Amino acid sequence: RGPLVAALALISFVLLRRNESKPWRELVAIFDVAAVGTAISLIGQTYQIQGSFGDFMRAWLLLSIPVVYVLRTTVGAVAYVIGTVVWLMNHSFFWGEARPNFFWVLLLLVLPYSWMRYRDARDSRETATLAIVLALATIFGVGAAAEFVKANVGAVAFAGLLTTFYLCGMKFF
C-alpha cells in the first residue's frame, strides 16, 4: 500500500504544483506504474488469488493506462506499449493461446495519446520514439495474428504493414 499511496500523493503534487514540468510528470508516471504492479502483486500474494501472468499483466495494463492521459507522459505510454507486447508474447508464444484480439484492444487504448503527441509536437524525439515503439508492437501483433489464422498470409501481411509504415512515414513525418 505504501508505494501506491506515495505515488498517488506525488501525482497530486505534480498536477497541482509542477504540471508543466515534463521530467516530474515522466518520473511520477513510471513510479505510479511500478507502484500499481507492486500493489497488484502484493494483494494477489496476500489473499492467494489464483491467476496467470497474463491475467496479472492485463490488470496492470488496464490500471496503468489512465496515468498516460492524466500525466501526459510519453515514457508511460512507451512502457504501456511494451507491456502489451509482453502480454501478447505470454499468451501467444508461451501458452499457445494465440488469440491476439485483446492485444489490439489494449493497443488501441494508447492511440489517442499518440495522436495528441503527433498533433502537438510532430518533430520531437518523444513522438518519434512512441511511433517507433507502436510500429514494433504492431509488427508483433501482426505476427501473432498471422500465426493465429494459419493461412500462410504472414509474408503478405508483413509486406503490406511495412509498406504502410513507409508511406505513412513519408506523409506524416
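The values are calculated or read from the model by the stated rules, or taken from the named source; none is laboratory data. Computed from a prediction, not measured in an experiment: that's the story for all the values here. Here the Cβ is made from the backbone with ideal geometry for all residues, glycine too, and neighbour counts use every protein chain on show. Side chains are part of the model used for accessible areas, which takes the heavy atoms of the whole protein and leaves out ligands, DNA and RNA. Shrake-Rupley method; radii C 1.70, N 1.55, O 1.52, S 1.80 Å.
What percentage of the solvent-accessible surface of the range 1-158, computed with a 1.4 Å probe over protein heavy atoms, is contributed by carbon and sulfur atoms?
The computed percentage sits at 67.
Using a Förster distance of 41 Å, how high is the FRET efficiency between Phe31 and Ala151, based on the Cβ-Cβ distance and rounded to 0.05? Before the final figure, lay out the partial values.
On the way: r = 44 Å, r/R0 = 1.08.
The formula returns an efficiency of 0.40 here.
Using the alpha carbon gyration tensor of the chain, what are the three equivalent-ellipsoid semi-axes (square root of 5 times each eigenvalue), largest first, in whole Å?
Largest first, the chain gives 30, 25, 8 Å.
Could you report the range 32-173's accessible area per residue, 1.4 Å probe, as an integer in Å²?
On a per-residue basis, 58 Å².
Could you pull the accessible area for Leu16 with a 1.4 Å probe, rounded to 10 Å²?
140
Using per-residue counts of other Cβ atoms within 10 Å, averaged over each peptide, order 51-57, 82-88 from highest down.
The peptides rank, most packed first, as 82-88, 51-57.
Kirkwood Rh and Cα-based Rg: tell me the resulting Rg over Rh for the range 1-76, rounded to two decimals. Walk me through the intermediate numbers first.
Values: Rg = 13.2 Å, Rh = 12.9 Å.
Value, to two decimals: 1.03.
Tell me the accessible surface of Phe140 in square angstrom (1.4 angstrom probe, heavy atoms of protein chains only), to the nearest ten.
Probe radius 1.4 Å; accessible area of Phe140 about 90 Å².
About its Cα centre, what dipole magnitude does the chain give when the only charges are +1 on Lys and Arg Cβ and -1 on Asp and Glu Cβ, stated in debye to the nearest 20?
For the chain, the charge dipole is close to 340 debye.
What ³J(HN,Hα) values, in whole Hz, does the Karplus curve 6.51 cos²θ - 1.76 cosθ + 1.60 give for the range 132-137 when θ = phi - 60°, with x put for Gly and Pro?
5, 5, 5, 5, 5, 5
How much of Leu111 can a 1.4 Å solvent probe reach, expressed as accessible area in Å² and rounded to 10?
70
Computed over the Cα atoms of the range 107-173, what is the convex hull's projected area averaged over all directions, in nm²?
Mean projected area for the range 107-173: 4.6 nm², to one decimal.
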